[in-house]
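The values are calculated or read from the model by the stated rules, or taken from the named source; none is laboratory data. All figures in this text were calculated on a predicted structure; none of them were measured in a lab. Ideal geometry is used to build each Cβ from the backbone, glycine not excepted, and the neighbour counts take in all protein chains shown. In case anyone asks, the SASA skips ligands and DNA or RNA and just uses the protein heavy atoms, side chains included. Shrake-Rupley method; radii C 1.70, N 1.55, O 1.52, S 1.80 Å.
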Amino acid sequence: MQPRSSPAQKSPRANLAGWLYVSPLVLVLVPFFVAPILVVLAASFFATDGFGGLTPGFTLASYVEVLHSALTLKLYLATIKFTALTWIFTLIIGFFVAYFLVFHVRNQLLAIGLFLLCTVPFWTSNIIRMISWIPLLGKEGLINQALLGLGVIRQPLEVLLFSDLAVVIAYVHQLTIFMIVPIFNSMARIDKKLIEAAIDAGASRFDIMRLIVVPMSKSGIALGTIFVVSIVMGDFFVVKVMSGGGSASVVSAFYEDVGVLQYPTAAASAVLLTLVLVAIVSLILRTVDIRQEITR
Amino acid sequence: MSDGAKETSTSNPAGTEARSSKKLSRRMLLKRAAAVAGAAAGSDAIRGFPTIWAQEIKDIELRHVGVSYSVVKAIGDQAAKDLGFKVTMQNLDTSAAINRFISQPNTVDIADLEGWQAKLAAKRGVIQGIEVKKIKEFDNILPIFTKGEIDGHKIPRQGISPYEAMYISKPDSTDLHDGVTEWATFLPQVYNADSIGYRPDLVGHEVTEWKDLIDPKFKGKAAILDVPAIGIMDAALCFESAGLIKYGNKGNMTKEEIDFTCNKLIELKKQGQFRATWTTFDQSVQLMAAGEVVIQSMWSPAVAAVRVKEIPCVYAPVNVKNGKEGYRGWCNGMGLMKHLSGKKLDAAYEYLNWYLSGWQGGFVGRYGYYSPVPSTAKKFLTAAEWDFWYDGQPAPEVINDPYGVPMEKAGTKRDGGSFLDRVKNISCWNTLMDEAAYMNKRWNDFKVA
């Protein structure tokens with residue numbers, strides 16, 4: 001609904017309309033995002049009696065503790081390792097799935113159908129999706145049984161489950177869709193005539209990919225990256241279940257802190273993670289001007 | 001049954017009387033109340049309140065919140081049926097539960113607390129004292145909980161024993177009181193003794209000591225519980241059993257003891273001892289049933305759940321010997337949140353009394369947990385069930401689980417013997433250490449190592 005505006009009143013009206021447009025978002029973000037973040041921020045500066053009691057005040061003790069701990073570094077390294085691996089695999093798979101759907105499936109109905117197929121894993125809960133890996137990857141799981149049966153291995157492979165590999169597999173399975181959707185979206189807006197022109201001008205498939213498809217899908221890749229990175233860095237459940245408790249992440253560590261009522265250190269870790277994520281996201285946004293790409 | 005029911009309703013005035021005339025000894029009154037309750041035994045007993053009471057309470061809703069193995073929907077449904085008001089059971093994991101009790105106390109009516117949580121809840125002032133004399137079966141609760149002893153055997157106080165966390169001196173006290181008083185922080189409702197579960201076919205010998213869990217023989221085939229506060233106690237039991245260390249108090253370690261324990265765990269992890277760690281009941285069942293591990297710290301019903309899948313699994317009887325070994329005990333009880341008052345508080349007391357009146361005891365007994373009032377639970381178990389679950393006798397007939405599914409063949413004997421054999425061999429209780437923050441940090445070192 002475009003607000004009708006007479007030239008004389010344009011400015012205040014447009015202003016009002018602008019506010020109205022953002023108000024739903026503000027109404028959601030302020031109470032459900034800004035306010036909780038502020039509470040967490042405040043709690044991170046409070047002192048605690050160690051039994052869940054918070055003493056309002058201002059101390060940097062929690063930050064000093066978090067930043068001085070070798071544990072924090074190890075946790076970040078572990079989390080970043082998972083994030084990087086997940087990102088690479090979701091990007092490669094997501095990109096090529098999107099590419100296939102956009103450029104190789106001629107029938108639009110079929111493309112949409114296949115696209116929907118990508119969402120099938122999301123028809124059940126996260127927990128079930130993860131548990132389902134156990135009969136497949138376990139010591140007595142299908143893969144090990146098959147390999148044993150074929151005589152490829154003598155001992156079941158233990159690395160398939162309850163390992164870093166298992167964590168990455170679960171993340172990739174879960175998050176590839178978050179790459180497919182935005183990349184699909186930006187690829188679909190590439191004018192096919194452009195590709196045809198490139199072919200006519202003698203460009204190779206690799207050149208088309210390198211000079212046209214990838215640059216023009218940049219915004220989708222950036223958006224997908226933001227989704228994947230922020231979800232992996234903010235997750236603890238997949239790590240916990242798929243590593244069989246053998247690994248930890250930044251969030252799992254401060255979740256345990258909450259479990260033993262160490263609110264200020266948990267809050268300080270959460271604030272630190274938020275800052276790290278903000279830095280990563282702004283880095284991505286600096287590399288790719290998503291706004292410009294989207295409105296192009 | 002209606003006669004009995006009427007009698008129960010008259011036991012309420014008995015309670016009122018108790019408050020007004022202090023001359024009567026509490027014990028006498030309790031005896032009277034117990035006798036009345038005894039006469040009215042049966043799940044239907046409490047149904048027959050006078051109509052006015054029934055009118056007044058039908059709009060009441062009690063929210064009983066706690067962990068899934070303790071706060072069970074089927075029990076709440078039965079309570080609602082018997083009591084005439086609404087009971088909602090809500091499940092959270094241990095840490096989410098204590099966080100909710102502390103940060104949103106008004107969203108909970110009955111908090112399901114472990115001993116250490118009761119201590120915390122009292123300290124934070126979110127619960128009110130339970131008036132002991134309003135609890136009809138209080139004198140029939142096993143003295144393990146009410147007096148810290150049983151048959152002359154003192155219950156160890158490593159960790160936070162239920163007895164230790166049970167009393168406060170005044171209804172609004174925030175500090176625990178050592179010794180019996182008129183006010184309880186929580187009312188024990190279900191408990192057990194945890195130990196190790198193992199595959200007898202793959203382990204090859206009977207396990208009676210914790211050190212088998214860290215035996216290099218089971219490298220890559222062992223698992224440990226990953227709830228830091230209690231996982232570290234299972235580890236401590238292992239290390240003590242292997243003669244590596246002697247703890248002052250496994251349930252309240254010093255920083256040095258925590259360091260030793262976590263460093264040792266990290267060493268074991270690097271050697272590949274642990275296939276996994278587990279957090280939930282289902283995970284432990286999965287690990288064992290899928291052949292991932294052959295030995296792990298485990299809960300009794302989880303062992304039963306593995307056996308239901310026709311996979312042999314034994315719950316190790318780790319009786320105390322030479323000052324080592326023993327079970328890690330836990331007990332969940334119900335606490336009354338501070339905001340309860342008036343009719344809702346009355347209803348909450350009715351609920352607590354219903355809980356100890358036997359139906360629930362029978363129900364939890366059928367999956368291997370125990371009621372603190374075995375005398376009432378017995379009335380809701382068949383003789384065969386009682387023999388099997390409580391007495392440690394060979395099952396005279398097929399034993400069903402609470403939902404009627406056959407669970408154990410006739411002739412099977414429960415691992416660990418009778419419940420008295422087990423509880424007398426508890427050597428430490430679930431806890432939250434004074435050094436919990438430090439312990440948690442070191443535990444995360446173990447996780448990320």
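Note the buried accessible area between A and B here, summed over both chains, with a 1.4 Å probe, in Å² to the nearest 100. Using a 1.4 Å probe, the pair buries roughly 3000 Å². For the residues of A:239-252, the average number of beta carbons from a partner chain within 10 Å of their own beta carbon is 5.
Using a cut-off of 27 Å between Cα atoms, the listed pairs B:K81/B:K413; A:K139/B:K447; B:K73/B:K379; B:K344/B:K424; B:K134/B:K378 include B:K81/B:K413; B:K344/B:K424 as exceeding that distance.
For region B:196-213 versus region B:136-186, the spacing of their alpha-carbon centroids is 34 Å. Antiparallel as a % of all DSSP beta bridges within the protein assembly as shown, to the nearest 5? Expressed as a percentage, antiparallel bridges in the protein assembly as shown total about 65. 3J(HN,Hα) along region B:381-398, derived from phi through the Karplus expression 6.51 cos²θ - 1.76 cosθ + 1.60 where θ = phi - 60°, amounts to 10, 6, 4, 5, 5, 4, 4, 6, 6, 8, 8, x, 8, x, 5, x, 8, 4 Hz, with x in place of Gly and Pro.
Solvent exposure of the protein assembly as shown, expressed per residue, is 44 Å² of accessible area, with all protein chains present and a 1.4 angstrom probe.
Share of carbon and sulfur in the accessible area of the protein assembly as shown stands at 62%, probe radius 1.4 Å. Pick from A:K139, A:K193, A:K74: which residue has the top mean-square fluctuation in a GNM of chain A where Cα pairs under 10 Å get a spring? The residue with the greatest mean-square fluctuation here is A:K193. In this structure the amide hydrogen of B:V398, modeled in the peptide plane, comes within under 5 Å of the amide hydrogens of B:A410, none closer than 5 places in sequence on its chain. Judged by the ratio a/c of the largest to the smallest principal axis of the C-alpha gyration tensor, region A:69-295 counts as oblate, that ratio being 1.5 or greater while a/b is no larger than b/c. Centre-to-centre separation between the Cα atoms of region A:132-146 and those of region B:59-101: 37 Å. Residues of region B:433-449 that bury at least 30 Å² of accessible area when the other protein chains are present, relative to the chain alone (probe 1.4 Å, heavy atoms, ligands and nucleic acids excluded): B:A437, B:N440, B:K441, B:N444, B:D445, B:K447, B:V448. Under 5 Å between amide hydrogens, built in the peptide plane, is the criterion, and for B:R63 it picks out B:T88, B:D109, B:I110 among residues at least 5 positions away or on other chains. Each part reduced to its alpha carbon centroid, region A:169-233 and region B:320-394 end up 60 Å apart.
B:C331 contributes an accessible area of around 0 Å² to the protein surface, as traced by a 1.4 Å probe with all chains present. Legend: calculated FRET efficiency, B:L244 to A:S11, from the Cβ-Cβ distance at R0 = 60 Å, rounded to 0.05, equals 0.15. For region A:175-192, 3J(HN,Hα) computed residue by residue from phi via the Karplus equation (6.51, -1.76, 1.60; θ = phi - 60°) reads 10, 4, 4, 6, 8, 4, 4, x, 5, 3, 4, 6, 5, 5, 8, 6, 5, 4 Hz, glycine and proline entered as x.
The modelled label-to-label distance between B:D259 and A:L277, using points 7 Å beyond Cα along the C-beta direction, is 3.6 nm.
Burial annotation for region A:44-61: residues with an accessible-area loss of at least 50 Å² between the isolated chain and the complete set of protein chains, computed on heavy atoms with a 1.4 Å probe, are A:F51.
For region B:289-322, a reduction of at least 20 Å² in accessible area between the chain on its own and the assembled protein chains (probe 1.4 Å) is found at B:A290, B:G291, B:E292. Note on B:K321: aspartates and glutamates with a C-alpha under 14 Å away, same-chain residues under 8 apart excluded, are B:E209, B:E240, B:D421. Taking a straight Cα-Cα cut-off under 19 Å and skipping sequence neighbours fewer than 8 places away in the same chain, the lysines within cross-link reach of B:K409 are B:K309. Indicate the gyration tensor shape class of the protein assembly as shown (rounded, prolate or oblate), computed on the Cα atoms with a ≥ b ≥ c the square roots of the eigenvalues: a/c under 1.5 is rounded; otherwise a/b larger than b/c is prolate and the rest oblate. The shape class here is prolate.
When the C-alpha to C-alpha distance is required to be over 22 Å, the pairs from B:K217/B:K246; B:K250/B:K324; B:K123/B:K264 that qualify are B:K217/B:K246; B:K123/B:K264. Largest first, the residues A:I280, B:I399 sort by 1.4 Å accessible area into A:I280, B:I399.
Shape call for region A:111-153 from the C-alpha gyration tensor, a ≥ b ≥ c root eigenvalues: rounded (a/c under 1.5), prolate (a/b greater than b/c) or oblate? Verdict is oblate for region A:111-153. In the protein assembly as shown, helices alone account for a calculated mean residue ellipticity at 222 nm of -15000 deg cm²/dmol, with every DSSP H run of four or more residues adding -39,500 (n - 2.57).
Of the residues A:M187, A:M209, A:M179, the one that moves most in a GNM of chain A with alpha-carbon contacts below 10 Å is A:M209.
Looking at chain A as a GNM with Cα springs under 10 Å, which of A:A42, A:A268, A:A197 has the largest mean-square fluctuation? Highest fluctuation among the options: A:A197.
For B:L92, the residues whose modelled amide H falls within less than 5 Å of its own, excluding neighbours fewer than 5 places apart on the same chain, are B:G66, B:V67, B:S68.
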